[in-house]
Amino acid sequence: MAVAVILATTLCAATVVFAGESGGVPASPVSLNEGWQIQSSCEVKAGGEQVSLPGFATSGWHNTTVPNTVVGTLVDDKTYPDPAYGTNLKQFPGMNYSDKNLFANQDMPEGSPFKCSWWWRLEFGLRQPRAGDHYWLRFPGINYRANVWVNGKKIADAKDVAGTFRIFEFDVTAALNPSGANAVALEIFAPEKNDLGITWVDWNPTPADKDMGIWKEVTLTSNGPLAIRNPYVRSKLDAEYKSAELTVSAELRNQSGQQVKGALIAEVDGKTLKQDVELAAGEVKTVRFSPENFAELKLAHPKLWWPYTVGQPDLYTANMRFETGSPATVSESTSVTFGIREVTSELTEAGHRLFKINGRKILIRGAAWAPDMFLRPMSKKLDADLAYVKDMGLNTIRLEGRIDRDELFDKADKLGILVMPGWTCCDAWEKWKRWTPETHVIAGASMADQARRLRNHASVFVWLYGSDNPPPADVEQMYLDILKDAEWPNPSVSSASEQSAKITGKSGVKMTGPYEYVPPVYWLADTKAGGAYGYNTETSPGPAIPPREALEKFIPKDHLWPIDDVWNFHAGGERFTNVNVFTDGLTRRYGQATSLDDYERKAQAMTYDGERAMFEAYGRNKYTSTGVIQWMLNNSWPSLIWHLYDYYLVPAGGYFGTKKAMEPVHVQYSYDDNSVAIVNDTYQALKGMKVSAKIYNVDAKEKDSQEATLDLASDSSTKAFALHVPDGLTPTYFLKLKLQDAAGKLVSDNFYWLSTKADVLDWGKKRDTVYTPQKEFADLTGLNNLPKASVTITKSVSTNGSKFVMTVVAENKGKVVAFMVHPRVTRGKGGGDITPIFWSDNYFSLLPGEKKSVTARFDLSSQDGATPELVVDGWNLEPTAN
């Protein structure tokens, strides 16, 4: 069987051709994402009856594609300047909202062009339709309300089409012109302050339109008298996880005016299943293939889906079709991808939520996801984002609100990255006392749509139906009932905080911060807030200053140094409007920055140290600690706070501190008791592992050494030994750790810069979720006196088409430590960094006589003819090009 689906676009029109074999099958969903135009309803002197007619005059309208928002469109077509640069965003019309309260909770300010609704309009042709078919326009993401018109006919009203996270399908069969031009027009209204919209809280400015628009893909689908919706495959594993039983189901809808008889056919794992079905006129029925009735659904030794850190993320596909008549005609066909796996959670004796995948404990270590500020799809960037997650060794991303497009979940399934979605905080989603009957309906419909959408995704392992707070009993019960009705296969949690819910009780998680700078010892010393115990759903060691090369892309030259209000505009909101706490910690520990370059080297060292310490602490304390989510993974615009790599995809100190901490088998220092530990994140026991530790003065003279040989249990944390504290240490000193296997092969190494003067936290002061103040600060100023290092650099390059692997060998020929050696690959002389780029290691340090080889992987296919050039700098290295 062959089906041709052709989408041809012009400036403002598309032609959809449905052509199949005679009596054959309906076409696959057709994208209607190109050729849209938008305009403010305050500028359009016509109603939907006219705007939705083919040929309506659109002179002066703005061309766009979907997904997009109004402001995103106006940025794309250069109506507005680059919002990322300087304080441009602040000058956009409608940005005069109060910065004292979350914009989501405010009315549109007077004079805002987004108080008006905006028209979104598309023309398309429809040729060669299959006789008798039904046609559906599908909108999985409209923000927030819309009147919908097709060819002059109103097919849906804004009182019904409301909800950012609802999925809408409109039967447009009667309204379509099957042999000529068609037009669809949506009059879209921005979220109001009591609407369940998309919220940017303190990590990113809120666009002036509150992201009004069509933020997910639009499709046109066709089917015969019977439609297949919500296909689902649920797996149940036996107690030993060696066999599985599948239940395959789908919702069938008879859209005709008469009874339909036929057969639902499912193909799974090379087996074909068939079930005769009758549906009365207009009937909707869920049909199941159960293992009790179909022995083919009992699988021996299935390939299980695992997070990539511990196994293979194997996937299966189920194909389904409904056939009627003789000879058989396919009314509709569909497919669904799924993984066979089991996710459970439990509360430990200490009351902490612990997750298990296929019966095995897993320590959740991840970071929080941020999409584009204007919700535009960026597939190549998404690929880079997820590749960076894997490169750092993280196993999870968290979505607070902004339940992204299918592409993210599909790719996470294939890559084996766990996803932790849930609703957002701080706005109408948690202002339950203000909810109207309509709000309850929208919340419930949103939950139902997202549960049915996400339940097939193997990557999705939990749903948070609250965020900073658990919902009241009536709302919680509504959510629980909806999840049960959707046959939700995974755990759900009442909120991201430790508050108990009325119905389900303790959440088993905490949201205690910190979000500002704290010293490395904090994570092991704290036992009442964000320290390494329990499951911390969002936390961070503070700001993340982008490298100078990235700063120069969004901070005007005359504002680069010293830090000023332009910098602060790219910090956060609420309590995070500057980087003062971070900078004070930097000054007190490393010494006052004398220039931007000096500030940069200290900031990268401090961020490396901070992220490494956080992830190491949660690793060492497994399973007293059960999970930690770094707030955040990335930023939606150029920012100074919280990311692990910057907006321009440049990985810096925090990235490589995380990558170091997340080694599968890792040797690390414990700041609380001056000991050395080894964390084995694999499910294999390791015998005869040799660990060594050497302590050096700041002048690189060895002061002490220790070693031990030990066995490591699978999925374990093992204390190797307490370090000796030799006399005569300089106030700033170094620690070098190595871990080798029984054959002598290096498995892990680690390098710390420490102080004889401890960081002392002021536990007596009132603490909140932001940070814990310090009484005393470590003395790392000895780093400022490091003499220039003598390091030789050699490189070699191998290529495979546009894909490059650069090997860089750095050898310390001098007598001092070469500290924080930082190789970069640039786009050529004076050019910026090539991104995305995947270094095996970076910001590394070399003892005298030490040699290290690192590799960088990158692809030049999208680099516009860049000629890669190696540049190496460091704390005490002069930058050199090679």
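For the range 753-872, relative contact order (Cα pairs under 8 Å, six or more residues apart, normalised by length) works out to 23 percent. Taking Cα atoms only, the orientation of helix 379-392 departs from the longest principal axis of the chain by about 40 degrees. Distance from the Cα centroid of the range 230-247 to that of the range 312-345 is 14 Å (rounded to whole angstrom).
Distance from the C-alpha centroid of the range 655-731 to that of the range 157-225: 54 Å, rounded to the whole angstrom. Computed extension gain for residue 79 through residue 100, at 0.36 nm per residue and net of the alpha carbon distance, reaches 4.7 nm. Across the options 243, 204, 215, the greatest Cα extent toward the positive end of the charge dipole of the range 174-261 (unit charges at beta carbon of Lys, Arg, Asp, Glu) belongs to 243. With semi-axes defined as the square roots of five times the eigenvalues of the C-alpha gyration tensor, the equivalent ellipsoid of the range 823-882 measures 23, 13, 8 Å, largest first.
Within the shell defined by Cβ-Cβ distances under 13 Å, the residues around residue 702 carry a net charge of +2, with Lys and Arg each +1 and Asp and Glu each -1. Evaluate the Debye formula for the range 226-302 with equal point scatterers sitting on the alpha carbons, no solvent, and hand back log10 of I(q)/I(0) at q = 0.18, 0.20, 0.22 Å⁻¹, in q order, two decimals. Values returned for q = 0.18, 0.20, 0.22 Å⁻¹ are -0.73, -0.84, -0.95. Along the axis of the charge dipole computed for the range 368-450 (Cβ charges of +1 for Lys and Arg, -1 for Asp and Glu, origin at the Cα centre), the listed residues 387, 446, 422 are led at the positive end by 422. Carbon and sulfur atoms: what percent of the 1.4 Å accessible area of the chain do they account for? The computed percentage sits at 48. The label point for residue 356 and the one for residue 684, both projected 7 Å from the Cα toward the Cβ, are 2.4 nm apart. Sorting the segments 198-209, 368-379 by their mean number of nearby beta carbons within 10 angstrom, highest to lowest, gives 198-209, 368-379. Dividing the radius of gyration of the alpha carbons in the range 279-381 by their Kirkwood radius gives 1.10 for Rg/Rh. Taking 12 Å as the straight-line reach from the Cα of residue 502, the aspartates and glutamates in range (excluding those fewer than 8 positions away in the same chain) are 474, 476. For an R0 of 51 angstrom, estimate the FRET efficiency from the Cβ-Cβ distance between residue 757 and residue 293 and round to the nearest 0.05. For residue 757 and residue 293, the calculated efficiency is 0.10. Peptides 506-514, 613-621 ranked from most to least packed give 613-621, 506-514, packing being the mean of other C-beta atoms within 10 angstrom over each peptide's residues. Residue 390 label point, 7 Å along Cα→Cβ, cut-off 17 Å on backbone N: hits in the range 430-461? Within reach of a label on residue 390: 458-460. Multiplying the residue separation of residue 854 and residue 710 by 0.36 nm and removing their Cα-Cα distance gives an extension gain of 49.0 nm. Assuming charge only on the beta carbon of Lys and Arg (+1) and of Asp and Glu (-1), the dipole of the range 652-772 about its Cα centre is about 160 debye to the nearest 20. Projected over every direction and averaged, the convex hull enclosing the alpha-carbon atoms of the range 30-161 yields 10.2 nm². With both labels modelled 7 Å from their Cα along Cα-to-Cβ, the residue 300 to residue 674 distance reads 6.1 nm.
Using a cut-off of 31 Å between Cα atoms, the listed pairs 274/414; 414/687; 829/851; 381/795; 411/687 include 414/687; 411/687 as exceeding that distance. Calculated on the Cα set of the range 405-444, radius of gyration then Dmax: 15.0, 41 Å. Overall dimensions of the range 625-679, expressed as equivalent-ellipsoid semi-axes from the Cα gyration tensor (√(5λ), whole Å, largest first), are 27, 12, 10. You can think of it this way: the chain between residue 880 and residue 861 has 4.2 nm of extra reach, that is 0.36 nm per residue less the Cα-Cα gap.
Using C-alpha pairs below 8 Å separated by at least 6 residues, the relative contact order for the chain is 8 percent. Please say if the range 669-758 is rounded, prolate or oblate, where rounded means a/c under 1.5 for a ≥ b ≥ c the square roots of the C-alpha gyration tensor eigenvalues, and otherwise the choice is prolate for a/b larger than b/c and oblate otherwise? Prolate, since a/c reaches 1.5 and a/b exceeds b/c.
Rolling a 1.4 Å probe across all protein chains gives residue 561 an accessible area of roughly 90 Å². Distance between the 7 Å Cα→Cβ label points at residue 326 and residue 594: 9.4 nm. Each part gets one Cα centre, and for the range 537-570 versus the range 43-75 those centres are 37 Å apart. Think of the chain as a dipole: +1 on every Lys or Arg Cβ, -1 on every Asp or Glu Cβ, centred on the Cα centre; then among 94, 432, 460, 460 lies furthest on the positive end. Both numbers refer to the Cα atoms of the range 114-251; Rg and Dmax are 19.5, 60 Å. With N as its number of residues, the range 349-440 has a Cα radius of gyration that, divided by 2.2 N^0.38 Å, comes to 1.32.
I'm spelling it out carefully: the read-out is semi-axes √(5λ) of the Cα gyration tensor in Å, the candidates are (1) 50, 39, 31; (2) 46, 34, 27; (3) 50, 32, 26, and one was derived from this structure. Which label? Label (3) holds the value from this structure. Heavy atoms of the protein chains alone define the surface here; on that basis the range 145-287 has 35 Å² accessible area per residue at 1.4 Å probe size.
Across every direction, the projection of the convex hull enclosing the Cα atoms of the range 380-501 has a mean area of 7.8 nm².
Using only side-chain charges placed at the Cβ, +1 for Lys and Arg and -1 for Asp and Glu, the dipole size of the range 65-194 relative to its Cα centre rounds to 140 debye. Taking Cα centre as origin and charging only the Cβ of basic (Lys, Arg, +1) and acidic (Asp, Glu, -1) residues, the dipole magnitude of the chain rounds to 1080 debye.
The values are calculated or read from the model by the stated rules, or taken from the named source; none is laboratory data. As the structure is a prediction and not an experimental result, all values here were calculated from the model. Reconstructed Cβ throughout: ideal geometry from the backbone, glycine too, with neighbour counts over all protein chains shown. Heavy atoms of the whole protein, side chains included, go into the accessibility calculation; ligands, DNA and RNA do not. Shrake-Rupley method; radii C 1.70, N 1.55, O 1.52, S 1.80 Å.
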